[in-house]
Amino acid sequence: MDWLTAYKLPIGAWANTIFLWMKVNLAWAFNALAKALEWLIEGFLWLLQTPNPLVIIAVFMAIAWAMQRNWKTVIGVGLGFLFIINQGYWKETTESLTLIVSACAVCMALGVPIGIACAHRPRLNEALAPVLDLMQTLPTMVYLIPAVVFFGLGMVPGLVATVIFVLPAPIRLTELGISSTPIALKEAATAFGATPSQKLWKVELPWALPQIMVGLNQTIMLSLSMVVIAAMVGANGVGIPVLRALQSMNIAKGFESGMVIVVIAITLRATFQRKG
């Protein structure tokens, strides 16, 4: 098989050439995007770190009540955040939550419209399918390389890598929800004189809401799974103590910070998981 490997396709060289060209010729676009993302991150960080931690906990408990209407869930959310404060990881938790909330804001803002477009245009859905597969199956650490090349170290490359990895979830679940709207329901809306815009807002989106909420939940969980990986490029949060524990082989610190990540995951899932 030497004859085959002798004519190896230069995939890596092509990618390197493309990225270097983009870095030189699209620097203005990446700088503008970095400024916008920094503003978004700083805004959410200010919202989470300025108030007293008990105020933030009360807000999450209120969201949990509004979403679940279950006092047990609300108490569980409160206890989860109190455990995090008890362990001394509140600052790191707010930084991780900033990354998660920012990723959710970007992914849902992009994913829902793209999912709607895919549901209404089958050819677009077919064209995007392999792209979305690539975004989800490519090892997440690979995204960190171009993210650092274009944006340097810090929260911004961590956010960019997270968005690329997470974005397919809201797109696919929104598309699934819109596409599953019963034909009879859409025909009834048309018979009553509804415009395409009215059908979207009053028929398709309400029907697809459970799937969209599942997409939001998946976005939160997948974003949380990127916390440690994003820490490798300087993104602050709970991933930093995990990496430090790994480097120093500190079992106590590693288990402690790992448990905090688990509690964050359980708390966020309990807060935003849609019932029924």
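The values are calculated or read from the model by the stated rules, or taken from the named source; none is laboratory data. Keep in mind that what you see is a predicted model, and the values were worked out from it rather than measured. Here the Cβ is made from the backbone with ideal geometry for all residues, glycine too, and neighbour counts use every protein chain on show. These accessible areas exclude ligands, DNA and RNA; they are computed on the full protein's heavy atoms, side chains included. Shrake-Rupley method; radii C 1.70, N 1.55, O 1.52, S 1.80 Å.
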- For the chain, build the charge dipole from Cβ charges (+1 Lys, Arg; -1 Asp, Glu) around the Cα centre, then report which of 85, 209, 221 sits farthest towards its positive end. 209
- Please work out the Cα convex hull volume for the chain and give it in Å³ per residue. 190
- Task: Return the lysines within reach of residue 186: Cα separation strictly under 20 angstrom, same-chain partners fewer than 8 residues apart disregarded; answer none if there are no such residues.
- Result: 199, 202
- Message: With +1 assigned to the C-beta of every Lys and Arg and -1 to the C-beta of every Asp and Glu, and no other charges, what is the dipole magnitude of the chain about the Cα centre in debye, to the nearest 20?
- Response: 460
- Please sort through the DSSP H helices of the chain and keep those with an alpha-carbon extent of at least 15 Å along the long axis and a Kyte-Doolittle average not below 1.0. 53-68, 71-87, 90-120, 140-151, 155-166, 251-272
- Message: Using 5 Å bins from zero, what percent of all Cα-Cα pairs in segment 1-126 falls into each bin?
- Response: 2, 9, 10, 11, 12, 13, 11, 9, 8, 7, 4, 2, 2, 0
- Query: Out of every Cα pair in segment 183-276, what percent are spaced more than 14 Å from each other?
  - Reply: 73
- In whole Å, what is the distance between the alpha-carbon centres of segment 199-215 and segment 33-74? 24
- Accessible-area composition of segment 153-261, carbon plus sulfur, in percent [1.4 Å probe]: 70
- Item | Qualifying chymotrypsin sites (Phe, Trp or Tyr not before Pro) in segment 107-201, DSSP loop, other Cβ atoms within 10 Å at most 14 | 192
- Message: Please state the shape class of segment 48-179: rounded when a/c is under 1.5, otherwise prolate if a/b exceeds b/c and oblate if not, all from the C-alpha gyration tensor.
- Response: oblate
- Query: What per residue convex hull volume, in Å³, comes out for segment 122-226 when only alpha-carbon positions are used?
  - Reply: 116
- State the answer as a single residue: which of 160, 25, 73 lies farthest towards the positive end of the charge dipole of the chain, with beta carbon charges of +1 for Lys and Arg and -1 for Asp and Glu, about the Cα centre. 73
- Message: Over 5 Å intervals from 0, what percent of Cα-Cα pairs in segment 61-128 sits in each interval?
- Response: 3, 15, 12, 14, 16, 12, 9, 8, 7, 3, 0
- Note on the structure: Connecting every pair of Cα atoms under 10 Å apart in the chain and solving the GNM, the largest mean-square fluctuation among 144, 82, 216 falls on 82
- Message: Relative to 2.2 N^0.38 Å, what does the C-alpha radius of gyration of segment 110-161 come to as a ratio? Two decimals please.
- Response: 1.42
- Can you give the accessible area per residue of the chain, in Å², using a 1.4 Å probe? 56
